[in-house]
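The values are calculated or read from the model by the stated rules, or taken from the named source; none is laboratory data. No experiment lies behind these values; they were computed from the predicted model shown. In this analysis, Cβ positions are derived from the backbone assuming ideal geometry, glycine residues included, and neighbour counts consider all displayed protein chains. Ligands, DNA and RNA are excluded from the accessible area calculation, which covers all protein heavy atoms including side chains. Shrake-Rupley method; radii C 1.70, N 1.55, O 1.52, S 1.80 Å.
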Amino acid sequence: MKSGKLWSWIIFALGAAYFLVPLLATFEFSLRIRREGYTFDAYTSVFSDGRFQASFSYSLIVGVCAIVVGLLIVVPAAYYVRLRAPHLRPIIEFVTLLPLIIPAIILVFGYIRMYNTSSPLPLLGTNLGTDILLTLAYVALALPYMYRAVDTGLRTIDVQTLTEAANILGANQATIILRVIFPNIIVAVLSGAFLTLAIVIGEFTIASLLNRQVFGVYMQNIGANRAFEPAALAVISFVITWGAMGMIQLLARFAPKTARRD
């Protein structure tokens, strides 16, 4: 038993080193912008850069919009499938997995082909239309994670009983979803939201080809011209992503521990 625990700790240490050593090396490199010693000048340069502020703010806005749109689509769909059409579950799960199968480069070229200025719906002809298209693209990218997070949340509650009780009290479907179902799956919803935000913050391909200056594009542009600031940006992006994952783990502690069996 002791030998097994020792090997478990060794494997854990090797796995932790695999992730932490490159990150620590990147952090150490980002502090060496001056020859005389360590300094946070690279981080100061990044945070004071107007392009960083604009791109990061834009990514946050698009991320929040993608979360809202994703929830408006996923929550009613997952609720309906679980309550009224469980036979559609395999089809819905297959559809939600398509963004993982179709590369982002193919997806964005399809968008450009379908929504260019000569198409019947020329979204790419205006900045607002391009922003809407980018938001919908991020909704599609986050769909596998958002749907599974919401579906997992629905599995932890008795949807049938809650719906019947709300119907008896005279609630309509919109009221049931907003005031009965949604509050009971808020932890799962927030988990899906954090995952969506992490995807938006780190995405590059779609935004680049749609000519949108998001955080990922800013990182690539800085990396082409400077040495220490990209390392600082890499550390910042790691902190944001790990912060989102940490929030998911924290919220998971407040999630219901038992699930209703089908």
Three-way shape label, the chain, alpha-carbon gyration tensor, a/c 1.5: oblate
Point-to-point label distance, Thr117-Glu164, nm (Cα→Cβ direction, 7 Å offset): 6.0
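In the range 103-156, what percent of the accessible surface is made up of carbon and sulfur (1.4 Å probe, ligands and nucleic acids excluded)?
Details: 1830 of 2650 Å².
Percent of accessible area from carbon and sulfur atoms in the range 103-156: 69.
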Between the range 5-42 and the range 153-219, the alpha-carbon center distance in angstrom: 35
Accessible surface, the chain, averaged per residue in Å² (probe 1.4 Å): 59
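Between Leu23 and Phe47, what is 0.36 nm times their sequence separation minus the Cα-Cα distance? Round to one decimal in nm.
Values: separation 24, 0.36 × 24 = 8.64 nm, distance 1.97 nm.
Result: 6.7 nm gained on full extension.
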In degrees, nearest ten, helix 186-202 long axis to first principal axis of the chain (Cα): 40
Among Tyr38, Tyr145, Tyr111, residue whose mean-square fluctuation peaks in a GNM of the chain (springs only between Cα atoms under 10 Å): Tyr38
